[in-house]
1. Antiparallel as a % of all DSSP beta bridges within the chain, to the nearest 5?
2. Kindly flag which residue pairs out of LYS14/LYS210; LYS14/LYS128; LYS69/LYS210; LYS160/LYS264 have an alpha-carbon separation exceeding 27 Å in this structure.
3. Could you give the nm distance between label points at LEU147 and GLU27, where each point is 7 Å from its Cα heading toward the beta carbon?
4. Using packing as a proxy for protection, rank 52-63, 117-128 so that the peptide with the highest average count of other Cβ atoms within 10 Å comes first.
5. Can you give the calculated 222 nm mean residue ellipticity of the chain, where each DSSP H run of n ≥ 4 adds -39,500 (n - 2.57) and the sum is split over every residue, rounded to the nearest 500 deg cm²/dmol?
6. Once the convex hull of the C-alpha atoms of the range 95-214 is built, how many Å³ does it hold per residue, rounded to a whole number?
Amino acid sequence: MSRLCFVANWKMNKSIPEAEAYLRTFEEHAARRGIIAPLLDVGLAETNLAEIILAPPFTALSFVSEFLKRSSLRVDLTAQNVHYEGGGAFTGEISPPMLRDVGCGYVIIGHSERRQLFGETDEAIHRKLEAVIAYGLRPILCIGETLLERQAGKTWSVLKRQLEQTFGKFLHGREEGARLPEWIVAYEPVWAIGSGQTPTPEDVGSVLQKIGGFFSEGLAEGQEKSRPRILYGGSVNEDNIETFMKDRELDGVLVGGASLSAEKFLKIVECGTSARRN
Ligand code: PGA
């Protein structure tokens, strides 16, 4: 079984003092020695069950990274976006080496808010993916269909196009540096994000199977198991997490709104992990 993964996407929220309060709540939970403690505390066993990844805004990355280094919290860091060049005259942008510098292991790429509100194309997302991989970071690639696309029965064709145009080259060409199991794909239906509406577990299950198939089709013999971890995202909360995690194809979730409270997010991690254990 792949290690489960719970990503907290803070989006454009949280000052540094708010980030600090959040991390202090994590420390309190790690000290309580409940079910959550072994997932949070580097000193405790059961290291491989689940991975917790925080996605603060750029302005808090450095603070969170330093805090994590000083604490014994077992938490990874991802940026929410990146530019595809290593450096240069790109006012207002952040490069992959800068993210490595502040301790990020991952980068979220192609979030639907980037695609829809900031006009990011599949081509731009592919360039970002290449840059992230070239600089030794791990991508969390988001894909998802809009409501109109879903109603027109185009869900899989949209997702397939998004996968082809970003991952395709790495898959079929077996490009240097393609370490699929270290990467993450997040299926996030656009209409489910922040709306309180979610697809049925059966709908998610059928998409997960197709994504899995997409990766196994492109693999050489003997490499069937080599696929990215696959997450679901869109209105995940502590009440619906168990239902999603019942599907054993799912490797975890990407949480937006409900991740802004450390308590709520840890509850999601706790329920999600125990759902998988039972
Ligand atoms: P949400 O956001 O949990 O608030 O729906 C998810 C996301 O945007 O990744």
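1. Working: 1 of 30 bridges.
Taking every DSSP beta bridge within the chain, about 5 percent pair in antiparallel fashion.
2. On the way: LYS14/LYS210 36 Å; LYS14/LYS128 25 Å; LYS69/LYS210 39 Å; LYS160/LYS264 33 Å.
Violating the 27 Å limit, Cα to Cα: LYS14/LYS210; LYS69/LYS210; LYS160/LYS264.
3. Distance between label points: 4.4 nm.
4. Numbers: 52-63: 20.5, 117-128: 15.6.
Ranked by mean Cβ neighbours within 10 Å, highest first: 52-63, 117-128.
5. Details: 11 runs with 120 residues, N = 278.
So the calculated ellipticity at 222 nm is -13000 deg cm²/dmol.
6. Details: hull volume 14.2 nm³, N = 120.
Normalising the Cα hull of the range 95-214 by residue number yields 118 Å³.
No value in this document is a laboratory result; all are computed from the given coordinates. No experiment lies behind these values; they were computed from the predicted model shown. Backbone-built Cβ (ideal geometry, glycine too); neighbour counts: all protein chains shown.
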